[in-house]
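The values are calculated or read from the model by the stated rules, or taken from the named source; none is laboratory data. Note that the coordinates shown come from a computational prediction; the quantities given were computed from them, not determined experimentally. A quick note on method: Cβ atoms are made from the backbone with ideal geometry, for glycine too, and the neighbour counts reach across all protein chains shown.
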Amino acid sequence: MSASAKPIANTRSVTGIPTARLITWWVIASEIVIFGGLLAAYIMHRIGHPEWAEAASHTNTWAGAFNTLVLLTSSLCAVSAHKAADAMDGPRAAKLLRLTALGGLLFLTIKGFEWTKDIHEGFVISSGGFWSFYYVLAGLHGLHVLAGMIIMLIVASDAAKNQELQRVECIGLYWHFVDIVWIFLFPLLYIAR
Amino acid sequence: MTTESHVHHPNYVKIWAILVLLLAVSVLGSMSHVREVVLIAAFGIAIVKAYLVAKNFMHINVEKRWVPYLLVVCLLFIFILFAGVSPDVMKQSGLHWSKNPTNVEAQSAPNAPVKHE
């Protein structure tokens, strides 16, 4: 495929940054409003309802902390993949991206065990205000992790052939944002009681 | 195809180690019985961790200036939302309003005769 036949996102940079990265930043900006709105709603309700502390005490801090470690480590893999892509080492970037996706899978698996335990104990989405926020916030975040994993595996398959390496940085930016969202969800849902 | 690198790659493992250390501090701090210590350990450290990820992993500090401005504007909208809505959620009553309708009636007509049913 010749460079001229490439999509405009890969070739154009009238704003001073490549359009693909520009689009990623816009996605992140819109995600800030989505997650920020939800987090703001949770914080104001949490402050207005001190009795939610009892419900919050049922969340497992250690599981949340381990998931934070998993996401931080997967972010390290994602940024290392970006470094490899900058060095034009597509196969290494692909390997690191797959490792990042594996981190996402581990995160979702732990979340799955955690939710199963919560549901068995009778804490479902309709159990109260805290649990509604807990499932919506963690669930929406989990969906973002899943979407990131799928896109990452697609990007990795191209990167392995040394193709479309600019996408490695873009998916990395998205992944780091998902990591930052969890960095705030962890204290809000697992520590503040 | 790749774009020319626009970033200097620091020692990422070192940054990751700092992030893990901060995570450990926040978990240990959460075990404290002093409310202020828990809040600082939880949210103060979360802000520092988010800054480290944004600066070192997302390289936001070397991005075009308007990118961080764009993100800050989005954050500002969230603060406006919070400032506008939070009093209604967090407070039970305010100037000329109350969540309890009977209180509103009592405030608006303090000398009105009390109904006895």
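Figures for the structure shown
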quantity: Some residue of region A:99-116 being more than 21 Å from A:LEU188 (Cβ to Cβ), at pLDDT 95 or above, more than 9 Å from chain B (Cβ to nearest Cβ) and in contact with a Lys or Arg (Cβ under 9 Å, 6 or more places away or on another chain); calculated: no
quantity: Subset of region A:1-28 [buried (at least 16 other Cβ atoms within 10 Å of the Cβ) and at pLDDT 85 or above]; calculated: A:ILE17, A:PRO18, A:THR19, A:ALA20, A:ARG21, A:LEU22, A:THR24, A:TRP25, A:ILE28
quantity: Tally, over region A:103-123, of residues that are free of Cβ contacts under 8 Å to residues at least 12 places away in the same chain and within 15 Å of A:LEU69 (Cα to Cα); calculated: 1
quantity: Where a residue in region A:66-85 is at the interface with another protein chain (Cβ under 10 Å from one of its Cβ atoms) and its partner, wherever it lies, is crowded, with 24+ Cβ neighbours inside 10 Å and of a type in the set (S, T, N, Q), with Cβ under 6 Å and at least six apart; calculated: A:CYS77/A:THR100; A:ALA78/A:THR100
quantity: Residue among A:GLU121, A:GLU169, A:GLU164 that is out of contact with any helix residue (DSSP H, G or I) (no Cβ under 9 Å at 6 or more places or on another chain) and either farther than 24 Å from B:ALA42 by Cα or at pLDDT 95 or above (or both); calculated: A:GLU121
quantity: Enumeration of residues in region A:150-177 that are within 9 Å of the chain's Cα centre (by Cα) and surrounded by fewer than 23 Cβ atoms within 10 Å (Cβ to Cβ); calculated: A:TYR174
quantity: Tally, over region B:25-62, of residues that are farther than 13 Å from A:PRO187 by Cα and within 7 Å of chain A (Cβ to nearest Cβ); calculated: 4
